[in-house]
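Scroll down for the structure; my scribbles are underneath it.
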Amino acid sequence: MDDKRPLSILDFSDAQPHPTWARARAETPVRRYDASAISPEPSFVVFRHEDAERVLRDSETFSSSINNAVIGRYMGETMLGMDGKEHRQYRNLVAHAFRASVLERWDDALVRPTIARLLDGIAPAGRADLMREVVLKYPVQVICGIVGVPLQDQEQFARWSEDVAQGALNPPRGIASSQAMRSYLADIIEARRREPAGDLISELLAAEIDGQRLTEEKIYGFLLLLLPAGAETTFRALGNALVALLTRPAVMAQVVADRSLIPAVVEEALRWDTSITLVSRVATRDTEIAGCPIPAGSAINVITSSACRDEARYEAADTFRLDRPPQPHLAFGSGPHQCLGLHLARLEMRVALNAIFDRLPDLRLDPAAPAPEIKGFAFRGPEALHVLFDPS
Ligand code: HEM
């Protein structure tokens, strides 16, 4: 399975990687690539659904600790980099704050008012860049609301979060912003300790299972992870769903007329072109994937976005179709680290699509603007979405 010529990291910088991934699934579904500039250990990429799912579910052979080496510098120790019992205990404690009854409360109190406020800002104009003016701001504001960051501080908070998420590109800025976020959060934590407010931080401070509590360090780790994990991913996924619909006016008209199709739009958009395309693991022992030998210590990049287009699992996998039989996909990962925010992400996408269709009648692409394009390798989404609609 391993090709003679190792891929270089540059082979992964293509803004339109789907054709490359399709070739890889057919010819070299597990490939070694040259990451010697970053690490002396061998590195592999996994492209097919079956192999991707196996790696993500077998957390004993494929450890998540590699994630601490990459993002740990800026975020401290996060759950994304934990394994085994430590991860299970930690996840149980924080998952408590993401249970269904809490989601219901956020739906009415936060998610709907947030998208309504953003749409009110553009509705009278009859035209907008939907990405910049609405979609980009929406999940950040929801998470800031969940964390308890007041509206007037949210832009600053989002800027810090972006610096942290892109820490590898500018390490001094990533570290400085991570420290700034930490001291900002310390004040909120202190206030909630004195007086619980029924919000996420109050829940995290109170969470206790089998006598275990979250240390302050772990609460920071969780809060610092939430914005990049929940906002960078969700706004792009919503953008991708809107591109899929706006570039297919007949499908869009069908969905606007029949809102019961919205959950199918959300699932198909996540499968067809998801926002975060890969997750990383490290092999804890000598093993193999689809016959390709993997030495202990190897880095494994699982291209979940390629797995979601695997022809062996999805008929006409490149086509955006709302009539597919329901079939789970890997956009949220799989196994013990499967996305903790998946219900929130789906809720945000459903609520936003409904609100956009209600508030922006006759929504269509602006023919005078360049056609929107979903771009990027590790994160995928449209840069802009210029639309016209009836002003109201
Ligand atoms: C469409 C939007 C989203 C996508 C595509 C997405 C994707 C993912 C994926 C693929 C993972 C697994 C990472 C791994 O296995 O290493 C993950 C984990 C995670 N996600 Fe999401 N996510 C989204 C939205 C959210 C939201 C809204 C939140 C919370 C507000 C969130 C919080 C998390 C957390 C905390 C983890 C770590 C779980 C663990 O390590 O056990 N995500 N996400």
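Amide H to amide H distances under 5 Å link Phe44 with Tyr33, Ala299, Ile300, Asn301, where only residues 5 or more positions off or on other chains count and H is placed in the peptide plane. When both bridge partners sit in the chain, DSSP labels roughly 80% of those beta bridges antiparallel. For region 7-361, the C-alpha radius of gyration divided by 2.2 N^0.38 Å, with N the number of residues, is 1.01.
Ordered by packing density, taken as the mean number of other Cβ atoms within 10 Å over each peptide's residues, highest first, how do 207-219, 310-322 rank?
310-322, 207-219
Dipole size of the chain about its Cα centre, with +1 on Lys/Arg Cβ and -1 on Asp/Glu Cβ: approximately 60 debye, rounded to the nearest 20.
Within region 125-249, the percentage of alpha carbon pairs spaced more than 19 angstrom apart rounds to 55%. Counting only protein heavy atoms and using a 1.4 Å probe, what share of the accessible area of region 131-231 belongs to carbon plus sulfur, as a whole percent? The computed percentage sits at 49. The packing ranking, built from the mean of other Cβ atoms within 10 Å per residue, places the peptides 110-116, 300-306 in the order 300-306, 110-116, highest first. Taking every DSSP helix (H) stretch of at least 4 residues in the chain, weighting each as -39,500 (n - 2.57) and dividing the sum by the residue count yields a mean residue ellipticity at 222 nm of -14000 deg cm²/dmol. Peptides 236-247, 178-189 ranked from most to least packed give 236-247, 178-189, packing being the mean of other C-beta atoms within 10 angstrom over each peptide's residues. For the pair Glu311 and Ala125, the difference between a 0.36 nm per residue extended length and the Cα-Cα distance amounts to 62.6 nm.
Computed on region 198-332, with alpha-carbon pairs under 8 angstrom and 6+ residues apart, the relative contact order is 19 percent. Relative contact order for the chain: 26 percent, from Cα pairs under 8 Å spaced at least 6 residues apart, divided by residue count. Of the trypsin sites (Lys or Arg not before Pro) found in region 37-109, the ones in coil according to DSSP and having at most 16 other Cβ atoms within 10 Å of their Cβ are Arg99. Backbone amide hydrogens, once placed in the peptide plane, bring Arg313 within less than 5 Å of nothing, excluding anything fewer than 5 places away on its chain.
A crude spin-label estimate for the pair Arg159 and Glu133, with each label 7 Å from Cα along the Cβ direction, gives 2.3 nm. In plain terms, the chain from Asp34 to Ala257 could stretch by 75.3 nm, reckoned as 0.36 nm per residue minus the Cα-Cα distance. In region 244-263, which residues have a backbone nitrogen under 16 Å from the label point lying 7 Å from Asp362's Cα in the Cα-to-Cβ direction? Within reach of a label on Asp362, which here means backbone N under 16 Å from a point 7 Å along Cα→Cβ, region 244-263 contributes 253. The residues of the chain expose on average 45 square angstrom of accessible surface per residue, using a 1.4 Å probe on protein heavy atoms.
The values are calculated or read from the model by the stated rules, or taken from the named source; none is laboratory data. Note that the structure is predicted; figures quoted are calculated from it, not measured. Every residue, glycine as well, gets a Cβ built from its backbone with ideal geometry; the counts of neighbours run over all protein chains shown. Ligands, DNA and RNA are excluded from the accessible area calculation, which covers all protein heavy atoms including side chains. Shrake-Rupley method; radii C 1.70, N 1.55, O 1.52, S 1.80 Å.
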